[in-house]
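The values are calculated or read from the model by the stated rules, or taken from the named source; none is laboratory data. All values reported here derive from a predicted model rather than from experimental measurement. In this analysis, Cβ positions are derived from the backbone assuming ideal geometry, glycine residues included, and neighbour counts consider all displayed protein chains.
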Amino acid sequence: MKASYLKLNQSKTQFIQFFRKTNPSSVSPLQLDDQVYVSPTIEVRNLGVLMDSKPNFHSHVSEMRVRVQTIQNSCAKCLTRIYRFASAPEAKITLHWLPIRVRSRFKIPVFAD
C-alpha cells in the first residue's frame, strides 16, 4: 500500500466473510500490512447496502423498513387529506394499503417465483 501511496484508515476499514453454516467468530483477523490487522465484523455497509455474514439481507431490510414506513404513512395522510397528526393506520385502511412489514413478507415470495 505504501508503494501505491495509499493510506489505510483503520477505524473505517471493515472485513466480512460470508457463511452458510460455520460460526463467524472462528475467523481470524486479516493482516494488511506489517502491523495492521483488521478484525472481521458481522455487518458491513457497501454502497448503501447493509450486508450481514449470512447472505439473506435481513439487517438491510429491517433498517430500510423504518424509513419506508414513515414515507408510506405520510403519503397515506396526504392522499386521504386527513389531519397531519391523525393516525396513519386509518388512512392506510381507507386506501387498502398494507403496512411495510406485512407488505415485505408478502412481496418477497411473489418476486422469488
Is there a residue in the range 84-100 that is under 20 Å from the mean Cα position of the chain (by Cα), surrounded by 10 or more Cβ atoms within 10 Å (Cβ to Cβ) and not hydroxyl-bearing (Ser, Thr, Tyr)?
yes
Can you go through Arg105, Arg67, Arg45, Arg84 and tell me which one is among the basic types (Lys, Arg) and in contact with a helix residue (DSSP H, G or I) (Cβ under 8 Å, 6 or more places away or on another chain)?
Arg84
Does Val38 satisfy the criteria of being free of Cβ contacts under 8 Å to residues at least 60 places away in the same chain, surrounded by 12 or more Cβ atoms within 10 Å (Cβ to Cβ), in contact with a strand residue (DSSP E or B) (Cβ under 6 Å, 6 or more places away or on another chain) and among the aliphatic types (A, V, I, L, M)?
yes
Options Thr22, Thr70; residue that is assigned to a loop (DSSP other than H, G, I, E, B) and either surrounded by fewer than 13 Cβ atoms within 10 Å (Cβ to Cβ) or modelled with pLDDT of 75 or more (or both):
Thr22
Where the second residue is among the β-branched types (Val, Ile, Thr) and surrounded by 15 or more Cβ atoms within 10 Å (Cβ to Cβ) and the first is under 24 Å from Glu43 (Cβ atoms) and lies in the range 61-88, which pairs have Cβ atoms under 6 Å and are six or more apart or on separate chains?
Arg65/Ile100; Val68/Ile100; Gln69/Ile100
Given the criteria at pLDDT below 75 and at positive phi, does Phe57 qualify?
yes
